[in-house]
Amino acid sequence: MSRLIYHLDRMMLAGALVVRWIDGLLLLVGALGAFGLVPGHFLTTGLCLVLFTAFIWLRRHWRSRDYVRFIESAPPAVTPQPLKPSDSVPIHASGYFTVEEKNERFTWLQGYFRTFATREHAVICLVQPKRFLLAEWPEKDIGMWYVFFFPKSVRSIRYGTVNYGSDTQTCLAIEHEIHIPKRGRFSRERTVQETIILASPTEEDSHRILADLLHDKHAKREEAKPDKPLQPTPDPARNGQVKIPIESTRRLD
């Protein structure tokens, strides 16, 4: 159900979203039923209103979850281990993406997770053209989309599984802060928290990403440890370890 609603909510038909066409069709049939122009009369009207309300509720329900169902579980015991800058871990990502000055929410995009030498994490995904009968994916969304975040912006890391339609994979839900600059006259600069869900085809891939993220937390803890105070070098004279030659002493009387 979530996969179907996602595609209906994204695909365009004759310049309008497919869901708008479905909404309009339900309202039109309901109105015709109210005027007795279709069989069923008020029964048809009531049924169309029920379907219209249920369809809106389903869209809002799945849209607020990026059309996936995340089930949290206990994280595995992995040793913090950074990825090499040349490593690319395959994932399916769902969440908030950006490219240049555009931003959009996508679900189950195929791509890679990488960590650069600066420890900046990157989710790199591709939106490919899709078509179903006469409906097609908006051309403005086709191309590469990204998620970038540094360790300091990560607020939480949760481990579990994610369901998208009939697909179920292990995943990580990473909550991080995003800085949105001022764009336009009436917008304002702000910082928001978003959650990017990274599903992996194998548990090993999820463990590699988790180990890389835990390496950042381990490094933070090491940096936060207070430095041990330097022990002062003992003064030999104070410890009675210096022998003073007798001939260098003089009587006071």
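The values are calculated or read from the model by the stated rules, or taken from the named source; none is laboratory data. Computed from a predicted model, the values in this text were never measured in an experiment. All Cβ positions, even for glycine, are placed from backbone atoms using ideal geometry, and neighbour counts span all protein chains on display.
For region 129-137, state whether one or more residues are free of Cβ contacts under 8 Å to residues at least 24 places away in the same chain and among the small types (Gly, Ala, Ser).
No, that holds for no residue.
Where residues in region 167-187 are part of a strand (DSSP E or B) and of a type in the set (Ser, Thr, Tyr), which of them is surrounded by the most Cβ atoms within 10 Å (Cβ to Cβ)?
Ranking the candidates gives 170 first.
Among 127, 162, which is within 23 Å of residue 202 (Cα to Cα), among the aliphatic types (A, V, I, L, M) and either touching a Ser or Thr at 6+ places or on another chain (Cβ under 6 Å) or modelled with pLDDT of 95 or more (or both)?
162
When residue 59 is evaluated against the numbered criteria (1) under 22 Å from residue 172 (Cβ atoms); (2) not assigned by TED's automatic domain parsing to the domain that holds residue 206, which criterion, by number, is the only one it fails?
(1)
To keep it simple, each residue is scored yes or no on (1) among the small types (Gly, Ala, Ser); (2) exposed (fewer than 12 other Cβ atoms within 10 Å of the Cβ); (3) assigned by TED's automatic domain parsing to the domain that holds residue 153.
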residue	(1), (2), (3)
79	no, yes, yes
84	no, yes, yes
89	no, no, yes
95	yes, no, yes
98	no, no, yes
107	no, no, yes
125	no, no, yes
131	no, yes, yes
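Looking at residue 164 and the list (1) among the aromatic types (Phe, Trp, Tyr); (2) buried (at least 18 other Cβ atoms within 10 Å of the Cβ); (3) over 17 Å from the mean Cα position of the chain (by Cα), which single condition is not satisfied?
Failing condition for residue 164: (3).
Select, from 161, 118, the only residue that is part of a loop (DSSP other than H, G, I, E, B), of a type in the set (S, T, N, Q) and within 23 Å of residue 88 (Cα to Cα).
None of the other options fit; the residue is 118.
How many residues does region 165-185 contain that are in contact with a strand residue (DSSP E or B) (Cβ under 7 Å, 6 or more places away or on another chain) and either over 18 Å from residue 116 (Cα atoms) or modelled with pLDDT under 90 (or both)?
11
Of all residues in region 76-117, which are modelled with pLDDT under 95 and of a type in the set (Val, Ile, Thr)?
78, 79, 98, 99
Output the residues belonging to region 133-147 that are under 20 Å from residue 83 (Cα atoms) and either crowded, with 16+ Cβ neighbours inside 10 Å or modelled with pLDDT under 95 (or both).
147
Within region 53-71, track down each residue that is under 20 Å from the mean Cα position of the chain (by Cα) and either in a loop (DSSP other than H, G, I, E, B) or loosely packed, with under 12 Cβ neighbours inside 10 Å (or both).
Those that are under 20 Å from the mean Cα position of the chain (by Cα) and either in a loop (DSSP other than H, G, I, E, B) or loosely packed, with under 12 Cβ neighbours inside 10 Å (or both): 60, 64, 65, 66, 67, 68, 71.
If residue 50 satisfies every condition in (1) more than 30 Å from residue 144 (Cα to Cα); (2) part of a strand (DSSP E or B) but one, which is the exception?
Condition not satisfied by residue 50: (2).
Could you tell me whether any residue of region 80-88 is part of a loop (DSSP other than H, G, I, E, B), in contact (Cβ under 8 Å) with a residue 40 or more places away in the chain and in contact with a Gly (Cβ under 6 Å, 6 or more places away or on another chain)?
no
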